[in-house]
Structures are given as C-alpha cells and as structure tokens.
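Novice: Structure incoming, see below.
The values are calculated or read from the model by the stated rules, or taken from the named source; none is laboratory data. Just so we're clear, the structure is a prediction, and the values are computed from it rather than from any experiment. Cβ atoms come from the backbone with ideal geometry, glycine included; neighbour counts cover every protein chain shown. Accessible surface areas use protein heavy atoms only, side chains included; no ligands, DNA or RNA. Shrake-Rupley method; radii C 1.70, N 1.55, O 1.52, S 1.80 Å.
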Amino acid sequence: MNTSQHLNTLGVTMEQCRSFIAANLDKPANIFNVAKQYNIDSQMLADIVQDQFPGANAGQVEAFFSQHGLNGKDLNAAKLNPTPIVESWQADSPIKSLFTLNNNVGVLSNEAMRSAVVNKVGLKRYMNAFSTHYIPGSADGVLSAADLGFSQIGDIAATWQNIESLYYGTMIKMLRNMTFSEISELNTFVIKNQSALMTEDPEVLRQFQTLMVDIFIDPPTAFDRAALSNFDIALSIQSGLEIAVPLVGNEPNQNLFTGMF
C-alpha cells in the first residue's frame, strides 16, 4: 500500500498532511505521535514532505525526530508497518509436485466419490471437510499459486469444490503410483519396525515418511506395474474419507490435507 492509499484509508489527503506537518515543525512530538498512532511510517512522511523538502528520505525523517529526543527508528517501515509473512499452504510439502485437480471419470470422478462418501457422512460434514476457511490467502476468493505453494494448476477459485477436486486428484495420482514391489517393501518395513512405529520413534517415523514419499512420487514402470485398479483406488479413498470427514474441524486449522505429509 503506497502513501496515498494509506492516507485514503484514514480519510485524509496528502495536502492535509503537509499542512499539519508544516504547522507543527516546531513541535516534532506532535508529528511523531500522530504518525505512530496512524501507522504513517518514516518513508510515508518523506513522501508527504517532498514538495517542501525535495529528496527527503526515510533515514532523514528518522534522524530529524532523533535529534529532538524522540526514537526516530520507531517510525521505520519495517517496525511500524512490517511486511506480512506470506504463508503458502503446501509450500513445504514433499509431495507438492503431485498436487493436481481431478479430471477422472467413472468411479474416480468427483461426483461418484462424493456421492458414495456423502451417503455415509452427510453433505454438511462433507462440505465442511473441504472448506477453504483455514487455507491462507482464501479470504479474497482466489487461491493463487503463491497461496497454494505450488504452481502446476495456476490460480483457482477458493471453493470447497476445488479443494475437493484437488484432494481427489492428488490422492488418485499418489495411489496410482503404488507398485507391487513398493507395497511389498512397505509391508516388510512395517513388520520389521512395528514396535517403533507404535511408540512413534522419531527416527523410524522419519524413515517411514521418506519411504512413503518415494512410493507416491515414483511412477510405475513396465517392470514394476501399478498395484491398484481404479476400483481399488476409489474404495480406498472413500473408506478413508468416511473415517476422516467426521473428525475434521475438531481442531483449529485442521483440514483433510493436515498431516498428509
């Protein structure tokens, strides 16, 4: 937000601010206190007085107040108007390359899977599970690539239908990448580390996560075929949602993607 825009939110003009500053140059504390109260930082003050003091900058404004016994640094933009940290929803996800909208048909279509799950959990709970409410950046009605934390699908409308499609598309892609040898490797790992997994041993959990990420990211090959049919995938996703949907929303910021990886 530039200086004029900020002043507009306060209902004042640049000219009014210039007049106030000119009338109070001999009373720096008045200018300082008003600026601090209304988040008018040192760079904004420099912009306001350019007509009177050409070339004025934030450092000079801060020095002016410091010379009069005030802490000029308190008006620095980084302190008074810090740039908000933009939190990307899935930027840190190790499987973010797999995120995709669902364009499958038949048993893997959004409509087919939605119908099966809604019959078990009800429409209200189902819609709540895919709510965009707790997704950073959704308040403006658009989830940009920056909001999402990945760029392959571009910007999308912040609707529960799009989050539903994103969930199904991603889960289908993940499960389609599971091969017979990977399932065998997973079973071996779980049996070998059953006790450590039950006690949530940090190192074993880290190894388990790495294994799962590799399984979901590596695609099948002619020598290591996909293990699950479309019907198997649909049943697996539906069964998981029947358990998960009633639990979503019991904690702040919780959604179906929470803890996916």
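Novice: Where is the GNM fluctuation largest for the chain (alpha-carbon springs, 10 angstrom cutoff): Val190, Val107, Val61?
Specialist: Ranking Val190, Val107, Val61 by mean-square fluctuation puts Val61 first.
Novice: With everything on Cα atoms, drop me the angle between helix 28-37 and the longest principal axis of the chain, reported from 0 to 90° to the nearest 10.
Specialist: 20 degrees
Novice: Gaussian network model of the chain, Cα springs within a sub-10 Å range: biggest mean-square fluctuation belongs to which of Leu197, Leu25, Leu166?
Specialist: Checking each option, the largest mean-square fluctuation is seen for Leu25.
Novice: Counting only Cα atoms, I'd like the Rg/Rh figure for the range 72-119, Kirkwood definition for Rh.
Specialist: On the way: Rg = 21.8 Å, Rh = 15.3 Å.
Rounded to two decimals, Rg over Rh is 1.42.
Novice: Give me the aspartates and glutamates in straight-line cross-link reach of Lys79: C-alpha distance below 17 Å, same-chain residues under 8 apart excluded.
Specialist: Asp41, Glu62
Novice: Aspartates and glutamates near Lys173 by alpha-carbon distance under 17 Å, same-chain residues fewer than 8 away left out - which ones?
Specialist: Glu164, Glu182, Asp214, Asp218, Asp224, Asp232
Novice: Ok, one more. Find the accessible area per residue for the chain; the probe is 1.4 Å, ligands and nucleic acids are left out, and the unit is Å².
Specialist: Details: 14640 Å² over 261 residues.
Accessible surface, normalised per residue, equals 56 Å².
Novice: Return the long-range amide H neighbours of Thr179 (sequence gap of 5 or more, or a different chain), with a cut-off of under 5 Å between placed amide H atoms.
Specialist: Distant-sequence amide H within range of Thr179: Ala227.
Novice: Just the projected area, averaged over all directions, of the convex hull on the alpha carbon atoms of the range 114-158: how many nm²?
Specialist: Projected over every direction and averaged, the Cα hull of the range 114-158 covers 3.7 nm².
Novice: Which ³J(HN,Hα) values, rounded to whole Hz and listed in residue order, are derived for the range 114-128 from phi using the Karplus coefficients 6.51, -1.76 and 1.60 in 6.51 cos²θ - 1.76 cosθ + 1.60 with θ = phi - 60°, glycine and proline given as x?
Specialist: 4, 4, 5, 6, 4, 4, 9, 10, x, 5, 4, 5, 4, 5, 4
Novice: Just the number: Rg to Rh for the range 147-212, Cα atoms, Kirkwood Rh, two decimals.
Specialist: On the way: Rg = 16.5 Å, Rh = 14.6 Å.
A ratio of 1.13.
Novice: Taking θ = phi - 60°, what integer Hz values does the Karplus form 6.51 cos²θ - 1.76 cosθ + 1.60 yield along the range 3-13, in sequence order, with x for Gly and Pro?
Specialist: Whole-Hz 3J(HN,Hα) from phi for the range 3-13: 4, 4, 5, 5, 5, 4, 5, 8, x, 10, 10.
Novice: Projecting each Cα onto the charge dipole of the range 191-257 (Lys/Arg +1, Asp/Glu -1 at the beta carbon, about the Cα centre), which of Asn255, Val204, Thr221 comes out farthest on the positive side?
Specialist: Checked the options; the winner is Thr221.
Novice: So, with +1 on the Cβ of K and R and -1 on the Cβ of D and E, and no other charges, what is the size of the charge dipole of the range 1-64 about its Cα centre, to the nearest 20 debye? Write out the running numbers ahead of the final one.
Specialist: Working: 3 positive and 6 negative charges, 29 e Å.
So the dipole magnitude of the range 1-64 works out to roughly 140 debye.
Novice: Can I ask one more? Report the paramagnetic label zone for Asp201: residues of the range 173-193 whose backbone N is under 17 Å from a point 7 Å from Cα along the Cα-to-Cβ axis.
Specialist: The answer is 186-193, whose backbone nitrogens lie closer than 17 Å to the label point.
Novice: Name the residue, out of Ile153, Ile172, Ile21, whose mean-square fluctuation peaks in a Gaussian network model built on the chain with Cα pairs under 10 Å.
Specialist: Ile21
Novice: I would also like to ask the following. Which whole-Hz couplings ³J(HN,Hα) result when phi for each residue of the range 129-141 is put into the Karplus expression 6.51 cos²θ - 1.76 cosθ + 1.60, θ = phi - 60°, listed in order with x for Gly and Pro?
Specialist: Those phi angles translate into 5, 9, 4, 8, 3, 9, 8, x, x, 7, 4, 8, x Hz.
Novice: Also, quick follow-up: With bins 5 Å wide starting at 0, give me the P(r) of the range 127-261 over every alpha carbon pair, in whole percents.
Specialist: 2, 9, 15, 18, 18, 18, 12, 7, 2, 0
Novice: Quick one: if you take sqrt(5λ) for each eigenvalue of the C-alpha gyration tensor of the range 32-98, what semi-axes come out, biggest first, whole angstrom? Before the final figure, lay out each step's value.
Specialist: Values: eigenvalues 262, 36, 19 Å².
They are 36, 13, 10 Å, listed from largest to smallest.
Novice: Here is a follow-up. Under 20 Å from the 7 Å Cα→Cβ point of Asp218, by amide nitrogen: which residues of the range 92-112?
Specialist: Only 94-99 pass the distance filter.
Novice: Could you tell me the ratio Rg/Rh of the chain? Both radii from Cα atoms, Rh via Kirkwood.
Specialist: Numbers: Rg = 27.6 Å, Rh = 22.9 Å.
Rounded to two decimals, Rg over Rh is 1.21.
Novice: Related question: Taking +1 at the Cβ of each Lys and Arg and -1 at the Cβ of each Asp and Glu, which of Leu70, Pro94, Ser115 sits farthest along the dipole of the range 55-162 towards its positive end, judged by Cα position relative to the Cα centre?
Specialist: Ser115
Novice: Additional query: Report the charge-dipole magnitude of the chain in Debye, nearest 20, computed about the Cα centre from +1 at each Lys and Arg Cβ and -1 at each Asp and Glu Cβ. Each step should come with its number before you reach the end.
Specialist: On the way: 15 positive and 25 negative charges, 81 e Å.
For this selection, approximately 400 debye.
Novice: Just need the relative contact order of the chain here, percent rounded to a whole number, with Cα pairs under 8 Å and 6+ apart.
Specialist: Details: 289 pairs, mean separation 47.5, N = 261.
Computed over the chain, the figure is 18 percent.
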